[in-house]
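Encoded as C-alpha cells, the structure appears first; notes follow it.
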Amino acid sequence: MSGCGCSHDTKFDGVSADYKRILLVVIAINAAMFLVEMTSGLYAQSMALKADALDFLGDSVTYAISLAVIGMSVRVRATAALFKGVSLGVMAAVILSASVYRTFVVAQPDEVVMSSVGLLAFTANLIAALLLMRYRDGDSNVRSVWLCSRNDAIGNLGVVGAGVLVGVTATPWPDLVVAVVLAALFLSSAVGIIRQALTEKREAACAVSAAAMAE
C-alpha cells in the first residue's frame with residue numbers, strides 16, 4: 001500500500017492526563033489575556049494590541065476544541081486541526097483589513113500601555129509555550145497548540161517593540177506594521193497546520209482502505 005503514501009510514524013495524540021491539565025491551564029491564561037488586551041487595546045487605540053487580543057480569543061476557543069477531541073479518531077483530530085488552521089487564516093484576513101482601515105484614521109496609540117501590556121502578554125505566552133514544549137512534535141491537533149503559543153510569544157515582543165517605536169517616532173505606523181506582521185505570522189501557521197492536518201486525514205483514509213482490503 002505504499003502507493004497511497006501511508007506513514008507509520010506514531011505521534012503523540014494528546015491522550016495524557018498531564019497534557020490535559022496543562023491544556024486547561026493554557027486555556028485559562030489565554031482567556032484572561034484576551035480580556036486584558038482587548039480592554040487595553042480599546043483604551044490605547046492600538047491595532048497591534050487588538051490583533052493580539054483576538055489571537056488570545058481564537059486560541060482559547062481552538063485549544064478548547066483540541067481538548068475536546070483528544071482520544072478521538074485521527075480523522076476527527078485532523079479535522080479539528082484543519083478548522084484551527086482555517087480560523088487562523090480568517091483571523092489574519094480580519095487583522096489585515098482592520099489595519100488597512102486604520103491607515104486612514106489618524107490616531108497615535110498609547111505607547112506606554114502598548115509596551116506594558118505587550119510585555120505582560122509575552123510573559124503569559126512564554127509560560128504557555130514552556131508548558132507545551134515537550135509536546136511540540138505531536139500530531140496536527142497537539143502541534144497546532146504549541147505553534148500558536150510559540151508564535152504568540154514572538155508576536156508579543158513585536159508589540160512591545162512597536163510601543164517603543166511609537167513613542168520614539170510619534171506616529172502610529174509601527175503599531176500598524178506589527179499588526180500586519182502578526183497577521184502574516186498567523187497566515188504562515190495556518191498554512192503549516194492545514195498541510196499537516198490534510199496529510200493526516202489522507203493517511204487515515206489510506207489506513208482504512210488498507211484494513212478493508214486485508215479483511
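The values are calculated or read from the model by the stated rules, or taken from the named source; none is laboratory data. Just so you know, these numbers come straight off a predicted model, no measurement behind them. Every residue, glycine as well, gets a Cβ built from its backbone with ideal geometry; the counts of neighbours run over all protein chains shown.
Quick look at the values:
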{"quantity": "Number of positions in the range 33-52 that are out of contact with any Asp or Glu (no Cβ under 8 Å at 6 or more places or on another chain), in contact (Cβ under 8 Å) with a residue 60 or more places away in the chain and either more than 15 Å from Pro109 (Cα to Cα) or polar (S, T, N, Q) (or both)", "calculated": "3"}
{"quantity": "Condition broken by Gln45, with the remaining ones in (1) at pLDDT 80 or above; (2) on the phi > 0 side of the Ramachandran plot satisfied", "calculated": "(1)"}
{"quantity": "Count - residues of the range 15-61 that are surrounded by fewer than 20 Cβ atoms within 10 Å (Cβ to Cβ), hydroxyl-bearing (Ser, Thr, Tyr) and under 19 Å from the mean Cα position of the chain (by Cα)", "calculated": "1"}
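Residue by residue, here is whether (1) closer than 20 Å to Asp52 by Cβ; (2) touching a Cys at 6+ places or on another chain (Cβ under 6 Å); (3) of a type outside the set (A, V, I, L, M, F, W, C) holds:
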| residue | (1), (2), (3) |
| --- | --- |
| Leu132 | yes, no, no |
| Gly155 | yes, no, yes |
| Gly167 | yes, no, yes |
| Leu176 | yes, no, no |
| Gln196 | no, no, yes |
| Thr199 | no, no, yes |
| Ala205 | no, no, no |
| Ser209 | no, no, yes |
